[in-house]
Amino acid sequence: MEQVQEKAWIEQTIGGDQEAFGHLVTAYSRPAYFTALGILGNRDEAYDLSQEAFVRAYRALDKFDLSRPFAPWFFRILRNCCLTFLSRRKVHASLDELRESGVEPVAGDRFDPSLLAERNDDIDRVWRALGALEDASREIIVLKDLQGHRYKEIAVILGIPEGTVMSRLYHARQKLKTILLEERAR
């Protein structure tokens, strides 16, 4: 999404046009939901907290720096909502429900049950391994590998230097690899 368009919607919203904020909600609701789902591991909680993040962003919009892109600012609000929720409830996230979000098979193997079963087994192993990671490792993998955020965006969302993002992502991927290799050896 173009920052110019986002800026126009934000300015319109600040000026009193509530419908303009709806364009931002439409643009970011899906990635917000899946980001929250990756952190929380629960569909209902992810939906609720992604909506809460939009409400908080709307209320704080007058503090938003219009020279910056909206997405990293918003996803930092979303992340804080999720982490606050987890700390209050002391919930250990499980990513089993991510599997239910569905991974569409590619056209060539759509009708081959053995390939579909093998792919589903691999997907299950990855989700179990992600669920076994500590929250910070899982979160950074979700932001980079599942949501496709750039290092710079992740740095803003997490409030850490870009180099730290790269380092944490490297170590999180190594932990994930170790868990997957251990599971395969069983």
Report summary line: Restricted to region 77-92 and to residues being among the basic types (Lys, Arg) and surrounded by fewer than 18 Cβ atoms within 10 Å (Cβ to Cβ), the residue modelled with the lowest pLDDT is 90
Query raised in the report: From the set of residues in region 5-48 that are among the aromatic types (Phe, Trp, Tyr) and touching a residue at least 24 places away in the same chain (Cβ under 8 Å), which is nearest to residue 77 (Cα to Cα)?
Result: 28
**Report entry** Only one of 164, 178 that is modelled with pLDDT of 75 or more, under 21 Å from residue 83 (Cα atoms), among the polar types (S, T, N, Q) and not assigned by TED's automatic domain parsing to the domain that holds residue 37
**Finding:** 164
Query raised in the report: Does region 22-48 hold any residues that are buried (at least 22 other Cβ atoms within 10 Å of the Cβ) and of a type outside the set (S, T, N, Q), and which are they?
Result: 24, 28, 32, 36, 37, 38, 39, 40, 41, 46
Report task. Might you check whether a residue that is part of a helix (DSSP H, G or I), at pLDDT 85 or above and not β-branched (Val, Ile, Thr) occurs anywhere in region 144-151? Result -> yes
Report task. Return only the number of the condition from (1) surrounded by 15 or more Cβ atoms within 10 Å (Cβ to Cβ); (2) closer than 18 Å to residue 139 by Cα; (3) modelled with pLDDT under 90 that residue 101 does not satisfy. Result -> (1)
Query raised in the report: Would you call residue 18 more than 13 Å from residue 70 (Cα to Cα), at pLDDT below 90 and either crowded, with 18+ Cβ neighbours inside 10 Å or not assigned by TED's automatic domain parsing to the domain that holds residue 142 (or both)?
Result: yes
Query - Residues located in region 57-70, provided they are over 16 Å from residue 22 (Cβ atoms), in a helix (DSSP H, G or I) and either touching a strand residue (DSSP E or B) at 6+ places or on another chain (Cβ under 7 Å) or touching a residue at least 12 places away in the same chain (Cβ under 8 Å) (or both) - result: 62
Query raised in the report: Using beta carbons and a limit of 7 Å, which pairs, at least six apart or on different chains, have the first residue in region 158-182 and touching a residue at least 24 places away in the same chain (Cβ under 8 Å) and the second one outside any helix (DSSP H, G or I)?
Result: 172/133; 175/133; 176/133
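The values are calculated or read from the model by the stated rules, or taken from the named source; none is laboratory data. Keep in mind that what you see is a predicted model, and the values were worked out from it rather than measured. All Cβ positions, even for glycine, are placed from backbone atoms using ideal geometry, and neighbour counts span all protein chains on display.
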